[in-house]
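> Once you've had a glance at the structure underneath, I'll fire off some questions.
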Amino acid sequence: MEEKKKFPKSRLGWLWENMEGKRFLFVIALIGTAAYNILQLVVPHYSGKIIDLFNRVEREGLSLKDNADTLYKLIGLMVGLTLIRVIIVYADCMAYERVSQATLFRIRNFLYDKIQRQDMKFYSTYRTGDLMTRVTGDLDAVRHNIAWVIRSIVEALTLFTSAAIYFFYIDVKLALCILPISPVIFFIVFHFRKNVGPKHAALRERLAGMNTDAQENISGNRVVKAFAREDYEIARFDKSNREFRDTNINTQLVWLKYFPFVETICNALPVILLLVGGMFIINNKITMGDYVAFSFLIWAIANPMRMMGNIMNEFQRFTAASNKVMEIYYSEAEIVDHPDAIAHPERFKGRVEFDHVSFKYDDGKLPVLKDISFVAEPGETVAIIGETGCGKSSLIQMIPRFYEANSGTVSVDGVNVQDYKLVDLRKNIGLATQDVLLYSDTIEGNIAYGASVLTAEEVEKYAKYSAASDFIHRMPEGYDTIVGERGVGLSGGQKQRISLARALAIKPSILILDDTTSAVDMETEKQIQHSLRNLDFPCTKIIIAQRISTTKFADKILVLKDGCIIESGNHKELVAAGGYYSELVKLQLGESLVTA
């Protein structure tokens, strides 16, 4: 069973907090709901009065003309108050919609802001499809709770209470014959709530799973087509869809188990009224008008009890959805600015130092990095090389504080990166990775993503640095070409070059390249390496690479193995040392080229 999470506020308290600016309107709407349901008594009350008037005229042999004023007054009051009720209902619906939409807007913006500011641990914990469900379907359930569920609860309670009071006002004995049956309904609904709650929680998880399957499949469409797995993915989604459907049906069937009992009791009320009320009329204990009023209002007792099942069903849906929304709403990133964080709006010099840094992921047993120490002086190029899984990517993610060291310090310009404001630190770091994400925007928009004030000439300059300018000019609309979601339509090498241009466009003090040229040909890589050595701004470059052609011009080369630096030096020094790097050079370039 999923552990019940504790939140700083109750669900209704959380909703009230997010109604800021609309709370007064919401209270007025609640009062309006109570008012128009009390006005439901108007028609039965005045109908009874009119019937009693006719009976009195007939019984006492009076002239209806002489009582016309009373008749018109009763009809006028009935019509006038009914019109007032209609106006209140319309205004009330508009008020609830305004409040619910404003609250939804506020929460959705807050959630998106919260998600944007989370750290890497958060994104590795929550699936994309699940997050999308929380900001769409779950939030709609929250809005529905404000616009319909709370309103319906007030409506049912007000209608039932006002009708019950009116029954006692007309005749206490007849009211006592009818109303005692209502607690049975509430007992049934209470048991229904206990059974349907877990069903809605399971239904919500099925929906999130189905959305995740769809999102992953659509994002990975190339892989699906490459392996001809369309039928497999269709069957996989069909399974998720069936599970969602079956859970949905199972949830709805819970109410059907209780519905016959509720409906039987509600339908018994008119029968009881007919039997008991008929006896009261025969014995002259109530008038015919009182009986008609009772008869007209019996639905005001039965309907709220009928509604309680649907209300409770929707409230349990809100409970399951709000738990998921509030989980994100009250979540806090672990990597944040310290209270005394240093503001550094000016450009960094670019000195990077690792001092005895060790690191392991929270869900990992073994350390990824062990006692890492090195210095990259301003303007230097440091290349990091090593076998897959040795900790290269983890190392560079320490610099922009995507993750934090378990021990030791990572410093930039002599200051621990944990002491800087995150925005100042990251604005000085340009990052391009092997796995490129491009947005559904123009090529120019993607390159200028981190520096939106760039001119067209500057965008082209950085595209030339990354050897992307030539292929961009061959695109249908040049720099105005829409690249499509995640860069679909571009080759891996083209995406990598646009990503590199994007990283260079912010003129970073520290440029981090994670195997950025792995998908480009040797000639293009040569152009890129030449550009990186001749940038028109000072920049410390930390490059993860697998090719010797990338590392040979570095000022310093670090060789990682099992999370440790086993070799350090420049190309000539490491070749001469005859270790791992030397063997790698022989493997890639051949013995003759190494000794040449």
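> Tally the residues that are among the polar types (S, T, N, Q) and surrounded by fewer than 18 Cβ atoms within 10 Å (Cβ to Cβ), restricting the search to segment 443-456.
Matching residues across segment 443-456 total 2.
> Could you check how many residues of segment 367-395 are closer than 21 Å to Phe348 by Cα and either in contact with a helix residue (DSSP H, G or I) (Cβ under 9 Å, 6 or more places away or on another chain) or open to solvent by less than 10 Å² (accessible area, probe 1.4 Å) (or both)?
Count: 5.
> Just the residues that are in a helix (DSSP H, G or I), modelled with pLDDT of 85 or more, closer than 18 Å to Tyr449 by Cα and charged (D, E, K, R), please, taken from segment 462-521.
Lys464, Asp480, Lys495, Arg497, Arg502, listed by residue number.
> Sticking with this structure for a sec: Taking the residues in segment 116-130 that are in a helix (DSSP H, G or I) and open to solvent by 20 Å² or more (accessible area, probe 1.4 Å) as candidates, determine which candidate is nearest to His200 (Cα to Cα).
Applying the filter and picking the extreme gives Thr128.
> With the structure loaded, tell me whether Val415 is more than 38 Å from the chain's Cα centre (by Cα), at pLDDT 90 or above and assigned by TED's automatic domain parsing to the domain that holds Leu558 or whether it fails that test.
No; evaluated as a whole, the condition is false for this residue.
> Another question, if that's okay. I'm checking my understanding of the structure. Among residues of segment 208-230 that are of a type in the set (A, V, I, L, M) and in contact with a helix residue (DSSP H, G or I) (Cβ under 6 Å, 6 or more places away or on another chain), which one is surrounded by the most Cβ atoms within 10 Å (Cβ to Cβ)?
Here the answer is Ala208.
> With Leu532, Leu558 as the choices, which residue is within 30 Å of Thr455 (Cα to Cα) and touching a strand residue (DSSP E or B) at 6+ places or on another chain (Cβ under 8 Å)?
Testing whether each residue is within 30 Å of Thr455 (Cα to Cα) and touching a strand residue (DSSP E or B) at 6+ places or on another chain (Cβ under 8 Å) leaves just Leu532.
> Report whether or not Glu567 is open to solvent by 20 Å² or more (accessible area, probe 1.4 Å), charged (D, E, K, R), at pLDDT below 90 and in the same structural domain as Gly391 (by TED's automatic domain parsing).
No: the conditions fail for Glu567.
> Next question, about the same structure. Does Arg242 fit the bill of being surrounded by 13 or more Cβ atoms within 10 Å (Cβ to Cβ) and either within 30 Å of the chain's Cα centre (by Cα) or of a type in the set (Lys, Arg) (or both)?
no
> Looking at segment 525-543, which of its residues are surrounded by fewer than 16 Cβ atoms within 10 Å (Cβ to Cβ) and of a type in the set (D, E, K, R)?
The answer is Lys526, Arg533, Asp536.
> Would you call Asp435 touching a strand residue (DSSP E or B) at 6+ places or on another chain (Cβ under 9 Å) and open to solvent by less than 50 Å² (accessible area, probe 1.4 Å)?
It is false that Asp435 is touching a strand residue (DSSP E or B) at 6+ places or on another chain (Cβ under 9 Å) and open to solvent by less than 50 Å² (accessible area, probe 1.4 Å).
> Another one. Determine, yes or no, whether Ile178 is open to solvent by 40 Å² or more (accessible area, probe 1.4 Å), in a helix (DSSP H, G or I), out of contact with any Pro (no Cβ under 8 Å at 6 or more places or on another chain) and not basic (Lys, Arg).
Criteria not met by Ile178.
> I'd like the full set of residues that are part of a loop (DSSP other than H, G, I, E, B) and of a type in the set (Asp, Glu), limited to segment 316-346.
Glu332, Glu334, Asp337, Asp340, Glu346
> Okay, next question. Kindly provide the set of residues from segment 423-464 that are of a type in the set (D, E, K, R) and either out of contact with any His (no Cβ under 6 Å at 6 or more places or on another chain) or over 22 Å from Lys541 (Cα atoms) (or both), ordered by number.
Within segment 423-464, Arg426, Lys427, Asp435, Asp441, Glu444, Glu457, Glu458, Glu460, Lys461, Lys464 meet the criteria.
> Further question: Can you tell me how many residues within segment 132-174 are within 12 Å of the chain's Cα centre (by Cα) and buried (at least 21 other Cβ atoms within 10 Å of the Cβ)?
4
> Does any residue of segment 432-454 turn out to be under 27 Å from Ala343 (Cα atoms) and among the charged types (D, E, K, R)?
no
> Then there is this: Among all residue pairs at least 6 apart or on different chains, which show Cβ distances below 7 Å where the first residue, located in segment 175-196, is farther than 15 Å from Asn313 by Cα and the second is open to solvent by 80 Å² or more (accessible area, probe 1.4 Å) and part of a helix (DSSP H, G or I)?
Ala175/Phe168
> Oh, and also: Ile282 is checked against (1) of a type in the set (A, V, I, L, M); (2) closer than 24 Å to Tyr166 by Cβ; (3) open to solvent by less than 40 Å² (accessible area, probe 1.4 Å) and fails just one. What number does that condition carry?
(3)
The values are calculated or read from the model by the stated rules, or taken from the named source; none is laboratory data. For clarity, every value in this text was computed on a predicted model and none was experimentally measured. Positions of Cβ are generated from backbone atoms using ideal geometry, with glycine treated the same way; all protein chains shown enter the neighbour counts. These area figures cover heavy atoms from the full protein model, side chains too; ligands, DNA and RNA do not enter into them. Shrake-Rupley method; radii C 1.70, N 1.55, O 1.52, S 1.80 Å.
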